[in-house]
Each structure stands twice: as C-alpha cells, then as structure tokens.
Amino acid sequence: MPTFRVIPSIEQLLDREPLRIASVRHGREAITRAARQAADELRARLTRQSDDTMTEPVAADWLVERTLAIATAYAQPSLRRVINATGVIIHTNLGRAPIAPAALVNARLAESYSNLEYDLDRGGRGHRHVHAERLLCALTGAESAVVVNNTAAAALLALASLASGREVIVSRGELVEIGGGFRVPDVLAQSGATLREVGTTNRTRVADYAASISDRTAAILRVHPSNFRIEGFTERPDLGELTALAHRFELPLIEDLGSGWLGVADAATLADEPSVQASVEAGADLVLFSGDKLLGGPQAGLIVGRTTFVDQLRRHPLMRALRVDKLTYAVLEATLALWSETPSRADIPVFRMLTMSITEIDARARELSAQLAALPGVHASVIDGASTTGGGSAPDSALPTRLVTVTVDGLSASALDAALRHARIPVVARIENDLVVIDVRTVQDDEFSEIVDTVRTFAASPSR
C-alpha cells in the first residue's frame, strides 16, 4: 500500500517561503488550487509505484516546484502563436487567415472610446452597421452591407429574416458538411425555415427549382461547394439563370459564397474561384461570405446585397445576438482599405502568399535550408512540392512550391515533428515520404530565425 504520510498538508505547503511569495503575485486562491492539484498528482504517482526515496523533505520540495509550475501555466493564455510551415494558406486549425500588421494597428482604437454607435454629425446615437459598409459596397458593387460573426451566422440570419415558417429551395448537391462536423441543413434548420431539396447529388437544373416553387416558397438558396468538388456527369445552373427565375417569381436569391474572393486579376491561381463581385453582378439579392478566408481579415460573416433585404436583416432580433464588436470592425475596415488599392494588397498575408512567385519561394527555401544545414547534426535540402489554398477555398488548387526537408541525427521524422510542435514557439510542419518538410510559402520572413533557433536547441540536446 502506498504511504501518503510524506505529503504535507496544504496549509503547511502554502506556508513555505516560495509559495508565500507566489501568493502575492498570483493570489492565494490560485496558489491553493495549484497546490491541491500538485498533491493529487503526487498521490497518483505514489499509488502507481512505491518510491523509497520519497521522504518528507523531498516530497515538500517536489510539491513546491510543481505548484509553481502549475500556477505559472494557469496564468498563461492557452491561445499561442505558432509558425505555419504546412503550406496550407488558410489553415482552419491554425486560425485561418493571418491578419495584416497594418490592419492590426487599427485595432488599437479599442484603447480608447470610439464612435461605435455614435453619430458624430448629429451628436446622438448612431448604428454600428455603418462601419465597413462603405468599403464593402465599393469593393463588391452591392447596394448595402451588414456584418455578423461568421458565415454560418449570416446564413442563419438571412433565412430567419426572410423565410422563417416558409420554404427555401436548395439543391440537394449543395447541402454540405462544414468544419467541426456541422452540417449546413442542421444550421439552417435553426432559422425556422424549411429546406426544400431539389435535384440530385450531381445534377440540378433550373427546371428543378421552378417545379418546386409554390405559395410557401420564400427564397432560393445557392451554396457554393467550397470544400469539395463533384466531377464527371454533373450539372449546376448558372447563377444568372437562377436569379432570373427567382426574380420572375419575386423571390430573393441568396448565395452563400463562403470564401470571400474579391476576384482581382493578379491572382491567376484562383481564376476559377467565384468572386463576390460576379455574384452581385449576376443579380444575387444577398451574398454571404467569410472575412477570415480569402479576404484575409478577422472572423466575420459579411452580407452584401440589395438594401431592401439587408435592412430586413438589420431589424431582425437575431442581429443583436450575431453582431460583431469594435475590434472586428476596426480590423475588418483596415483590411478592406488595403484591398481598395492595388499596391497595398501585397500587405495582406493571404494575398501575398497566393501570388508569391516560384522564383521567390525557391530563393527563400534555399536561404532557410542553408541556415539549417549549417547546424551540427542537422541536414536540409530543397525539393519540389505543392501548397494548398485551404479553408474550404479552391479545393482543387495545388500551388507549385519549394519545400525544405529537415533531418536531425538521432531523431525520427515523427520525433522531429513532435519536437517542433512542442517548441517555445511551436512550428507546425508536415511529414512527406518519412521526411519533415517545411513549406516556406506560409512562413513569414521574420520566422526563419525562430525555426533555426528551435532546431538548434534540440539538435544540440544531449538527451536526444
């Protein structure tokens, strides 16, 4: 039977000088909680295996050290910066799009008060909806715009406002599952609208929509299948045809576009990705898209379209629950401002990564490879590879890139990959052909030295 007599009481432990000092810094409640967790861990350890060396002084010292470590960990944010070396530009698990430094500067307005809901001209209450609207309309050609917290919220609000208690016609082939196991039909059902599915998984015609229109129909919904593609024997109506049908029956056409591509000409890799402007020009009454995908801004659901329908969304009670805060508006407006001028688009990380030439990527890969190969016990080389857009955008995109392969003497590929992920600044790479590879397309210039320092640390470790 394990003996717990070596474990001091919590009060005795808290009376030790290091923990008295820590109580001033972290608060006594936090240190007490940490001490109890440390004591539980020690009991579990003694239960698993007897330890003759665990005397009362040794146990007390161990508990003090462990309590301080736990308390420090409690005080640290769990959300951390990581280096994306995967080559997936919009990496959903890594926070999707990195935000432009110039846009983040605008977030500093939160340090003071702002005119979030104050009309400076009239000197009275205003509306937060006006923020970002001017830029969104200028960039997309829409009449009006409103912002909510993500695209799922945008779809929910649109259907709740325009179709609650009635039917919305949607192609069976567009009822997709999005990240985290959430399915579009399940999300949209919360709006109170009934989804009327038409067509088949691979083929839906305008006639299928027309045949399903009745006096219960409130809208036609079109969902861009952004995270998959059906090939072969397929058919999908042109957006212009679908809007013409909707308007003939005086119904709104809602398009959930997802990625938020603004369709600029200097990104040939996304030539086939539908743009927001094209949807507006084709007559869609509401177009819904993400702020943190191809737009390269903060998480947000952006809704642009005809003023009549946007105003209905603004007045709906759900708008209060789904609206965004001043930080989102600040970063979003600054990101949209960067899009409005051709030279400044290069300051948006997502845009820069998408348009980076293979010549530039090769030069960057060779620079990083040379720095890594100069470390003792480290071997690096440059090979061809492919990056991806990610984030449910352009699922067929394979962008030519150059990869840096890294090996460290005494470490397997899986062990090296784990070591990179557990570094002070985690490096998330990928393994190909039993080699750890770093795709420099998604690595920022100032992160090269951090990768080298990380590899140097554990390459030189005698315990590897």
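No value in this document is a laboratory result; all are computed from the given coordinates. Please read these numbers as outputs of a predicted model, since none were measured by experiment. For neighbour counting, all protein chains shown are included, and Cβ atoms are generated from backbone atoms with ideal geometry for every residue, glycine included.
Quick notes on this one:
- Under the membrane-span-like helix rule (DSSP H runs whose alpha carbons stretch at least 27 Å along the helix axis, mean Kyte-Doolittle hydropathy -1.0 or higher), the chain yields 28-48, 56-75.
- Longest to shortest principal axis, alpha-carbon extents of the stretch 320-386, angstrom: 57, 28, 19
- Percent antiparallel among DSSP beta bridges (both partners in the chain, rounded to 5): 60 percent
- Applying 1/(1 + (r/R0)^6) with r as the Cβ-Cβ distance of residue 201 and residue 29 and R0 = 41 angstrom yields a FRET efficiency of 0.15.
- Distance in nm between pseudo-label sites at residue 316 and residue 424 (7 Å out along the Cβ direction from Cα): 4.9 nm
- Ordering 192, 340, 406 by Cα displacement along the dipole of the chain toward the positive end leaves 192 in first place; charges were set at the Cβ atoms of Lys, Arg (+1) and Asp, Glu (-1).
- Where only DSSP H runs of four or more residues are counted, the chain gives -11500 deg cm²/dmol as its mean residue ellipticity at 222 nm, each run worth -39500 (n - 2.57).
- Antiparallel bridges, percent of DSSP beta bridges restricted to the stretch 101-345 (to nearest 5): 45 percent
- Rg over Rh for the stretch 101-345 works out to 0.97, both radii taken from alpha-carbon positions and Rh defined as the Kirkwood radius.
- Once the Cα-Cα distance is subtracted from the 0.36 nm per residue extended length, the residue 327 to residue 60 segment shows a gain of 91.5 nm.
- With only Cα atoms counted, the stretch 1-155 has Rg and Dmax values of 26.7, 78 Å.
- Paramagnetic reach from residue 20 in the stretch 30-66 [backbone N under 17 Å; point 7 Å along Cα→Cβ]: 31-32, 61, 64-65
- Think of each Lys and Arg Cβ as +1 and each Asp and Glu Cβ as -1; about the Cα centre, that makes the dipole of the stretch 1-129 roughly 420 debye.
- Three-way shape label, the stretch 297-450, alpha-carbon gyration tensor, a/c 1.5: prolate
- Relative intensity, log₁₀ I(q)/I(0), of the stretch 10-75 from a Debye sum that treats every alpha carbon as a point, q = 0.23 Å⁻¹: -0.91
- The chymotrypsin sites (Phe, Trp or Tyr not before Pro) of the stretch 59-118 that DSSP puts in a loop, and whose beta carbon has at most 13 other beta carbons within 10 Å, are 113.
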